[in-house]
Amino acid sequence: MSNISNFKANNSGLFARPNHFEVQFVGPHSDANTERGLMINCNTTNVPGLTMIAGDKDATYRSQVRQKVYDDVTFTFHVSDDYKELEYFQTWMNLMIDPITNRVGFYSDYVGEIIITNKSRTNTKALRTTLLDAYPKRIEPLEVDYSTNDEAMNLSVNVQYRTYKQEYFDPKAIAVEKEEAVFAHNVNTEANKNNPMIEVKKQMWKYISPEGNESSDDLEY
């Protein structure tokens, strides 16, 4: 029987949010600055789905799986004023078919990788999907309109890939950085024997903002 207690027990953590993600492009024509901009300006995408193609039913009414098909992935970007997002994918597609000779390039010369990382609400990795042998299959037309003065132009790119791999992470596993202990120091000093708070005052003074008006003499206990 389903009730609120069972629901809470089954969902002890937070639900995943679709707006917590980032993408990373590793194209055959490496352009680190533009690829970083693509990561920032990508506003929508989708984690790839999977479809199983089955044959006709046999005499026992069974339909056996024949093949699996990976769905294409679409990325949408806010377009910068220099149209670097459009130029990046056009350059990538020129490796597939030469714009001058119209010759098709070698497969290994135009495929790359695209990494989609879903993050938790605490900004930790939860799911990482890597599209292998990926390449842009279609650049959607850019729409221009006089009535959209206050809207950003969007670019949609449809991506084909050979396969993908997924890695799952524990969103609660947060790497804790080692921090310097504020008062981790040797207290076996002559000054401390006379007044134990002298060393504490000295250590606290290091962590007071230099713009402040406090001095070590102002630290009263």
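The values are calculated or read from the model by the stated rules, or taken from the named source; none is laboratory data. Every value quoted in this text rests on a predicted model; they were computed, and no experiment measured them. Cβ placement follows ideal geometry from the backbone for every residue including glycine, while neighbour counts extend to all protein chains displayed. What goes into the accessible areas is simple: the full protein's heavy atoms, side chains included, and nothing from ligands, DNA or RNA. Shrake-Rupley method; radii C 1.70, N 1.55, O 1.52, S 1.80 Å.
Please determine whether any residue of the stretch 65-74 is of a type outside the set (Phe, Trp, Tyr), surrounded by 12 or more Cβ atoms within 10 Å (Cβ to Cβ) and touching a helix residue (DSSP H, G or I) at 6+ places or on another chain (Cβ under 9 Å). Scanning the stretch 65-74, I find no residue that is of a type outside the set (Phe, Trp, Tyr), surrounded by 12 or more Cβ atoms within 10 Å (Cβ to Cβ) and touching a helix residue (DSSP H, G or I) at 6+ places or on another chain (Cβ under 9 Å), so the answer is no. Checked against the criterion of being farther than 20 Å from Tyr70 by Cα, crowded, with 19+ Cβ neighbours inside 10 Å and in contact with a Phe, Trp or Tyr (Cβ under 9 Å, 6 or more places away or on another chain), the stretch 146-157 has at least one qualifying residue. Identify, please: which residue in the stretch 132-145 is of a type outside the set (D, E, K, R) and closer than 13 Å to Gly27 by Cβ and is, among those, surrounded by the most Cβ atoms within 10 Å (Cβ to Cβ)? Result: Ala134. Count of the stretch 92-131 residues, restricted to those that are among the β-branched types (Val, Ile, Thr), outside any loop (DSSP other than H, G, I, E, B) and either free of Cβ contacts under 8 Å to residues at least 24 places away in the same chain or open to solvent by 60 Å² or more (accessible area, probe 1.4 Å) (or both), is 2.
Within the stretch 39-59, residues that are free of Cβ contacts under 8 Å to residues at least 12 places away in the same chain reach partners that are of a type in the set (A, V, I, L, M, F, W, C) and open to solvent by 60 Å² or more (accessible area, probe 1.4 Å) with beta carbons closer than 9 Å, at six or more positions or on different chains, in the pairs Gly55/Val65.
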